[in-house]
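The values are calculated or read from the model by the stated rules, or taken from the named source; none is laboratory data. All values derive from a computational prediction rather than experimental measurement. So basically every Cβ, Gly included, is an ideal-geometry build from the backbone, and we count neighbours across all protein chains shown. SASA here: full protein model, heavy atoms, side chains in, ligands and nucleic acids out. Shrake-Rupley method; radii C 1.70, N 1.55, O 1.52, S 1.80 Å.
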Amino acid sequence: MKKYSFIVLLICLSSCSISYNIDHSFESIPKHSAPDYSENSNWSALPFIDDYADLVPDTLLKNLQDDSKIDVFFLHPTTFLDEHTPEWNANISDSIINYYTDYWAVRHQATAFNNVGRIYAPRYRQAHIKSYYHLDKGGKEAILFAYEDVKKAFEYYLENFNDGRPFIIASHSQGTTHATFLIRDYIDNAELTDQLVAAYLVGMSVGADTYTTVKPCENADETGCFTSWQTYSEGYTPHDNFDEFRKKAFVVNPITWTTEEDYSNFEDHKGILMSNFKTVYKKSVKAKLNKKNNIVWIKQPKVPFAFLKKMTNYHVADYNLYWFNIRENAANRVEQYFAQKKGAN
């Protein structure tokens, strides 16, 4: 499959009607072997191996993982998209799925943080994309099954790599479903709370009152909090399986990092990172919050590519649209985190 077909498929997933194979129950499908996280091959990214998380799109940018003081635990979005498969959960050894995870998700999303932290991105037996549209037919079980791998990966990371270092949790789409659970089960109101620099829970709705101690990030400087957004074109209101979740969601403008409803300025947009991981368009996006639906609206991007201008759901580009703003903000929150720790001593 050509690499660009993956982008086309993702765009289609956000706007087209697809009929998935749901003729088999979750229980009827044999499960693939669980990943052993002591094996490097079961991680999409580790700071001590060469991988796509090490890349930067510009020679003026640096991969600073070796010198970083924090870690980044990144959970990738759904890359198990085969329309015809009867399976509910991915095979951790599937080379095509792993390619999409590494080349698209990690390269375009996790890399936004390689200036501030050592990146750990586990593979997991992710739920198939159909799971979110058929929760009552096996999807819920598939998502929870995938989360069991995520928990084991995080526990392995804590026991073998973390050594008490502060960390960022970053995720997108299905990864955010699992990251939301992970913060609930391991970080909120627990000893790890003090190690959380911030959580970037992108592409899925996260309720403002989800946690007890981990609060929403209301501005660009807050730490120990979470930030979240979903991007759509100006004037478009989604109506889908996730409407109920959006009603309680917290959303921030990923250009201004505030909850103000006004449009951001072009001057504040640091750049879109295009799909070739090379072309950058700065000062090309204006974003605002639609608080009625708890989503982010953007005006038509100032780029020459027609397909970007025609999109209504920018889910696939939730990171790419603001890649440089995210990178700058992560560095700022890390700086604020250590300043606050120093001031408290």
Point to revise | Candidate set: region 222-256, residues that are part of a loop (DSSP other than H, G, I, E, B), open to solvent by 10 Å² or more (accessible area, probe 1.4 Å) and aromatic (Phe, Trp, Tyr); chosen: the one nearest to residue 207 (Cα to Cα) | key: 250
Practice item. Return the pairs, sorted by first residue and then second, in which the second residue is at pLDDT 95 or above and acidic (Asp, Glu), the first residue lies in region 286-308 and is within 12 Å of residue 261 (Cβ to Cβ), the beta carbons are less than 6 Å apart, and the residues are 6+ apart or on different chains. Key: 297/234
Check your understanding: Could we say that residue 299 is of a type in the set (Lys, Arg), under 28 Å from residue 63 (Cβ atoms), more than 20 Å from the chain's Cα centre (by Cα) and open to solvent by 60 Å² or more (accessible area, probe 1.4 Å) here?
Key -> no
Study note, to complete from the structure: Listed by first then second residue, the pairs whose first member lies in region 223-238 and is on the phi > 0 side of the Ramachandran plot, whose partner is in a loop (DSSP other than H, G, I, E, B) and buried (at least 20 other Cβ atoms within 10 Å of the Cβ), with beta carbons under 8 Å and at least 6 positions apart or on separate chains, are 224/214
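Return the only residue of 314, 322, 263 being farther than 25 Å from residue 221 by Cα and either free of Cβ contacts under 8 Å to residues at least 40 places away in the same chain or open to solvent by less than 10 Å² (accessible area, probe 1.4 Å) (or both).
Numbers: 322 fails: farther than 25 Å from residue 221 by Cα; 263 fails: farther than 25 Å from residue 221 by Cα.
On inspection, the qualifying residue turns out to be 314.
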**Study point:** Evaluation of residue 217 against (1) within 28 Å of residue 67 (Cα to Cα); (2) of a type in the set (A, V, I, L, M, F, W, C); (3) without any contact (Cβ under 8 Å) to a residue 40 or more places away in the chain (one fails), failing number
**Key:** (3)
Revision key, fill the gap. Out of (1) farther than 20 Å from residue 257 by Cα; (2) free of Cβ contacts under 8 Å to residues at least 60 places away in the same chain; (3) touching a Leu at 6+ places or on another chain (Cβ under 8 Å), the one residue 175 does not meet is (2)
Exercise for review: Give the residues of region 44-73 that are in a loop (DSSP other than H, G, I, E, B), open to solvent by 50 Å² or more (accessible area, probe 1.4 Å) and not acidic (Asp, Glu), sorted by residue number.
Suggested key: 48, 55, 59, 60, 62, 63, 64, 69
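Check 119, 92, 168 and return the single one that is assigned to a loop (DSSP other than H, G, I, E, B) and open to solvent by less than 40 Å² (accessible area, probe 1.4 Å). Steps first, answer last, please.
On the way: 119 fails: assigned to a loop (DSSP other than H, G, I, E, B); 168 fails: assigned to a loop (DSSP other than H, G, I, E, B).
Matching residue, one of 119, 92, 168: 92.
Does any residue of region 126-143 turn out to be touching a Pro at 6+ places or on another chain (Cβ under 7 Å) and either open to solvent by 10 Å² or more (accessible area, probe 1.4 Å) or among the small types (Gly, Ala, Ser) (or both)?
Taking region 126-143 first, the residues touching a Pro at 6+ places or on another chain (Cβ under 7 Å) are none.
There is no residue in region 126-143 that is touching a Pro at 6+ places or on another chain (Cβ under 7 Å) and either open to solvent by 10 Å² or more (accessible area, probe 1.4 Å) or among the small types (Gly, Ala, Ser) (or both).
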**Study point:** Filter result for residue 288 (in a loop (DSSP other than H, G, I, E, B) and either on the phi < 0 side of the Ramachandran plot or open to solvent by 50 Å² or more (accessible area, probe 1.4 Å) (or both))
**Key:** no
